[in-house]
Amino acid sequence: MSITQSIRERLAQLPAGQPFTPALLAGMGPRASIDQALSRLTKAGVLERIGRGLYMVPQRNRFGLVSMPAPEAVAQAVAAAEGASIEVHGAEAARRFGLSTQVPAQPVFCTTGSSHNVRLGKLQVRLQHVAARKLVLAGRPAGQALSALWYLGRGQVTPDTFAHMARKLPKAEFEALRQAKSAMPGWMVDALLRYEEGVTVHG
């Protein structure tokens with residue numbers, strides 16, 4: 001079976017519209033041959049090249065136009081190629097939790113991998129390298145909460161902030177956040193401990 005045919009069969013298992021990098025096809029042949037096959041499949045319309053080193057099986061809307069993937073899906077594909085974790089940037093996480101009204105001008109994601117700017121049509125997706133401890137809960141609601149807390153910073157994170165998180169998060173997720181004290185800076189742990197003391201006193 002040719003590399004191109006093998007790649008076609010592998011891509012048939014992907015949902016339409018899911019972005020991927022050539023790293024997904026590692027082991028199916030020499031990198032140069034994989035790149036040539038991707039180029040041929042793109043010219044044939046089997047694939048859509050959506051950015052440098054980024055492809056997807058086209059997903060067309062009811063007008064026949066190719067629908068671009070969500071920025072988060074693109075960030076996940078880029079991070080997966082590096083074996084890295086990602087989480088939404090703290091500004092967006094704080095907005096989702098109702099702790100900030102600031103809307104980021106462009107999609108930004110924190111990653112344990114390298115920093116990247118990925119152009120997605122007219123949109124630019126930014127992956128920003130951060131310390132691994134900031135992403136210990138990445139990929140779950142508790143991870144977004146931790147990202148929001150880092151973004152808000154020492155001056156804005158109080159016991160009331162944790163009380164707000166406790167109301168917003170499922171119980172298991174808030175418990176996961178509480179158990180991540182070893183990954184938190186001292187000022188964050190202090191606010192969490194004061195929240196926990198208040199709950200114990202009033203519980």
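Couple of notes before you dig in:
- Strands (runs of 3 or more DSSP E) within segment 92-184 that include 1 or more residues free of Cβ contacts under 8 Å to residues at least 12 places away in the same chain and under 30 Å from residue 68 (Cα atoms): 116-120
- Conditions (1) surrounded by fewer than 18 Cβ atoms within 10 Å (Cβ to Cβ); (2) under 22 Å from residue 182 (Cβ atoms); (3) not aromatic (Phe, Trp, Tyr); number of the one not met by residue 144: (1)
- Members of segment 1-34 found to be under 16 Å from residue 56 (Cβ atoms) and charged (D, E, K, R), listed by number: 8, 10
- Conditions (1) of a type outside the set (Gly, Ala, Ser); (2) touching a residue at least 40 places away in the same chain (Cβ under 8 Å); (3) in the same structural domain as residue 146 (by TED's automatic domain parsing): number failed by residue 14: (3)
- In segment 52-65, of all residues being outside any loop (DSSP other than H, G, I, E, B) and in contact with a helix residue (DSSP H, G or I) (Cβ under 7 Å, 6 or more places away or on another chain), the one that is surrounded by the most Cβ atoms within 10 Å (Cβ to Cβ) corresponds to 55.
- Residues of segment 70-89 that are surrounded by fewer than 21 Cβ atoms within 10 Å (Cβ to Cβ) and assigned to a loop (DSSP other than H, G, I, E, B): 70, 83, 84.
- Scan of segment 1-32 for residues that are part of a helix (DSSP H, G or I) and under 18 Å from residue 81 (Cα atoms), ordered by number: 7, 10, 11, 22, 23, 24, 25, 31, 32
The values are calculated or read from the model by the stated rules, or taken from the named source; none is laboratory data. As the structure is a prediction and not an experimental result, all values here were calculated from the model. When we count neighbours, we look across all protein chains shown, and the Cβ atoms used for this are built from the backbone with ideal geometry, even at glycine.
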